[in-house]
Amino acid sequence: MYGQTFYVTNGGTYGSSWIHADLQEADEQCCVNRVAKIMRQHKLKAQIVYKRSHIKGGKASRIVDNLLARKFNPAAPNQSWVSDISYMGTYEGFLYVATGMDLFSRRIMGWPMDNIWINTLL
């Protein structure tokens, strides 16, 4: 049986849809439901491969003072600014984008970009 061969050679990780695709490439004609039925009869189930997460703990981030005290409606322009930094993965590496917004006018005042994260972006 070709299906069992594909199942074994791929470490038991192939389900009926992948085995069906391999069978079609080998010019074997059958439908995916037939492959699933045969797999059930032979008690073959795809083993789910989980990726291990590698979260490394580090030092706690520095906690800064809450200068705004949740007062997000200043009375005049240029009294309160907020900023954020984000990054995007590209083929050439990461691109870091920082934004600064005046809370009075709610306008973005600037968005510098760089390929390295540095404190001067903000």
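Among the numbered conditions (1) modelled with pLDDT under 85; (2) farther than 30 Å from N115 by Cβ, tell me where A76 comes up short.
(1)
Going through R52, R34 one at a time, which residue ends up being exposed (fewer than 11 other Cβ atoms within 10 Å of the Cβ) and charged (D, E, K, R)? Before you say what the answer is, go through the steps one by one.
Working: R34 fails: exposed (fewer than 11 other Cβ atoms within 10 Å of the Cβ).
After applying the criteria, what remains is R52.
Name the pairs whose Cβ atoms lie under 6 Å apart, with the first residue in the range 1-26 and surrounded by fewer than 16 Cβ atoms within 10 Å (Cβ to Cβ), the second part of a helix (DSSP H, G or I) and at pLDDT 60 or above, and 6 or more positions between them or separate chains?
Qualifying pairs under 6 Å: Y2/L23; S17/V32.
Considering the range 84-102 alone, what residues qualify as being under 30 Å from N73 (Cα atoms) and among the β-branched types (V, I, T)?
Matches in the range 84-102: I85, V97, T99.
Yes or no: the range 18-35 includes at least one residue that is in contact with a strand residue (DSSP E or B) (Cβ under 9 Å, 6 or more places away or on another chain) and either basic (K, R) or not assigned by TED's automatic domain parsing to the domain that holds F104 (or both).
Initial filter on the range 18-35 (in contact with a strand residue (DSSP E or B) (Cβ under 9 Å, 6 or more places away or on another chain)): none.
The answer is no; no qualifying residue exists.
Among the numbered criteria (1) surrounded by 10 or more Cβ atoms within 10 Å (Cβ to Cβ); (2) out of contact with any Leu (no Cβ under 6 Å at 6 or more places or on another chain), which single criterion is violated by S80?
(2)
So which strands (runs of 3 or more DSSP E) are wholly in the range 51-120 and hold at least 1 residues that are within 21 Å of the chain's Cα centre (by Cα) and of a type in the set (D, E, K, R)?
In the range 51-120, 81-90 are the strands (runs of 3 or more DSSP E) which contain 1 or more residues that are within 21 Å of the chain's Cα centre (by Cα) and of a type in the set (D, E, K, R).
Looking only at the range 73-114, which residues are of a type in the set (D, E, K, R) and out of contact with any strand residue (DSSP E or B) (no Cβ under 9 Å at 6 or more places or on another chain)?
Step one: of the range 73-114, the residues of a type in the set (D, E, K, R) are 84, 92, 102, 106-107, 114.
Within the range 73-114, E92, R106 qualify.
The values are calculated or read from the model by the stated rules, or taken from the named source; none is laboratory data. Since this is a predicted model, take the numbers as computed values, not measurements. Please note: Cβ atoms are built from the backbone with ideal geometry, for glycine as well, and neighbour counts cover all protein chains shown.
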